[in-house]
1. Over the Cα atoms of the chain, what radius of gyration and what Dmax do you get, in Å?
2. Checking the table 133/223; 48/81; 260/289; 223/288; 129/180 against a 19 Å threshold on Cα-Cα, which pairs fail?
3. At 222 nm, what helix-only mean residue ellipticity would the chain give, in deg cm²/dmol to the nearest 500, using -39500 (n - 2.57) for each DSSP H run of four or more?
4. Report, to the nearest 10°, how far helix 259-273 tilts away from the longest principal axis of the Cα atoms in the chain, using its own Cα long axis and a range of 0 to 90°.
5. For the range 76-148, which GluC sites (Glu not before Pro) pass both filters: DSSP loop (anything but H, G, I, E, B) and at most 13 other C-beta atoms within 10 Å?
6. Which loop-located GluC sites (Glu not before Pro) does the range 2-51 contain, where loop means any DSSP state but H, G, I, E or B and the Cβ has at most 15 other Cβ atoms within 10 Å?
7. To the nearest 10 degrees, how steep is helix 293-307 against the longest Cα principal axis of the chain, on a 0 to 90 scale?
8. Once you've got the GNM for the chain with C-alpha springs shorter than 10 Å, pick whichever of 124, 96, 292 has the biggest mean-square fluctuation.
Amino acid sequence: MYYYLAPMEGITTWVFRKAYHKYFRPMDKYFTPFLVPHTHKDFNFKEKNEILPEHNAGQNLVPQILTNNAEDFVRTANALKRYGYEEVNLNLGCPSGTVVSKGRGAGFLRDIEKLDRFFDEVFSSLEMKISVKTRIGIQEPGEFEEILEVYNRYPLSELIIHPRIRQDFYKNRPNMTVFKDACRNSRNVLCYNGDLCMEEDIQKFHDSFPQVPAVMIGRGILKNPGLVGEVEGSAADRETLRAFHDEIYHTYQEIMSGDKNTVFKMKEFWSYLNLSFEYGEKCWKKIKKAQSAAEYERAVEEIFSLED
Ligand SMILES: Cc1cc2nc3c(=O)[nH]c(=O)nc-3n(C[C@H](O)[C@H](O)[C@H](O)COP(=O)(O)O)c2cc1C
């Protein structure tokens, strides 16, 4: 089984990925959070940091692009090729209102004919591997039948399915019936994504879908970065988790302006990670209250010492 880290805007940044890759079972593939094409330049400062090869050493990293414009996609993909990337991923899953209203992300699934023309143009002018990360529709799971027909017309390097509709956002449960149908009907190699948070979830998925070669995990890794190692029989210890945390925190301290911003960033990280601690909820409250680096560091010290 291959394991991929899900892209999560603002969370699975190059800082997070680099530390994860160093301290835990390395992922077989990583994805950048989505990059939106610009008209006048290839990438802004933040995006360059995401894709710079020296920030992603040793990782099999696939940049993800969010657009519904074939010309923009091809131009951005070619710029990424100049950085050494051989594959790009198209985001057809983002459910956010501002993205969907512009017909991007999951919003692009509303116009199947336009999507078909988009792929036609992209595949005829781009010499790179192209993978897709998709939801199964906007309003109804039944929409996926037609969407899959479009994907089947093109040689995607991989089709990553998050079997929720846009209206679900991250609520309800992934629709495994639609995923099962996709396994039967997809001409492209599949990867599954959604709600694999515990060892048992991964085992159960593998038992039910032994023919699917890869899974992508997001929140499960944020809650427990040692998850994939545990599945493979080697649990991570608290010292490793501490070193992982410290590296992320110190890198953000170096690159972000001011402690307040760094602490804010770390709160996002702890909103998931606290769930893997027995006393996590109590300490999470303290982390949430922290306004300065000193208060934050005291709360982190407490969380780790309570677990010893
Ligand atoms: C805060 C947040 C940011 C996300 N950012 C992205 C993104 O940039 N690109 C993308 O394809 N999916 C994004 N996702 C979706 C995840 O990649 C993934 O599909 C989703 O969390 C379901 O997988 P999981 O249950 O393993 O977490 C994001 C999800 C969350 C919660």
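The values are calculated or read from the model by the stated rules, or taken from the named source; none is laboratory data. Note that this is a predicted model, so its numbers are computed, not measured. So basically every Cβ, Gly included, is an ideal-geometry build from the backbone, and we count neighbours across all protein chains shown. Keep in mind that these areas ignore ligands, DNA and RNA; they rest on the heavy atoms of the full protein, side chains included. Shrake-Rupley method; radii C 1.70, N 1.55, O 1.52, S 1.80 Å.
1. Taking only Cα atoms of the chain, I get Rg and Dmax of 19.7, 58 Å.
2. Details: 133/223 22 Å; 48/81 13 Å; 260/289 12 Å; 223/288 17 Å; 129/180 25 Å.
As for pairs spanning more than 19 Å Cα to Cα, those are 133/223; 129/180.
3. Result for the chain: -14000 deg cm²/dmol, rounded to the nearest 500.
4. Taking the Cα atoms of the chain, the angle to 259-273 is about 70 degrees.
5. 86, 127
6. Numbers: sites: 9, 47, 50; in loops: 9.
Here the GluC sites (Glu not before Pro) that fit, given the DSSP loop and packing criteria, are 9.
7. Helix 293-307 and the main axis of the chain meet at about 90 degrees.
8. 124
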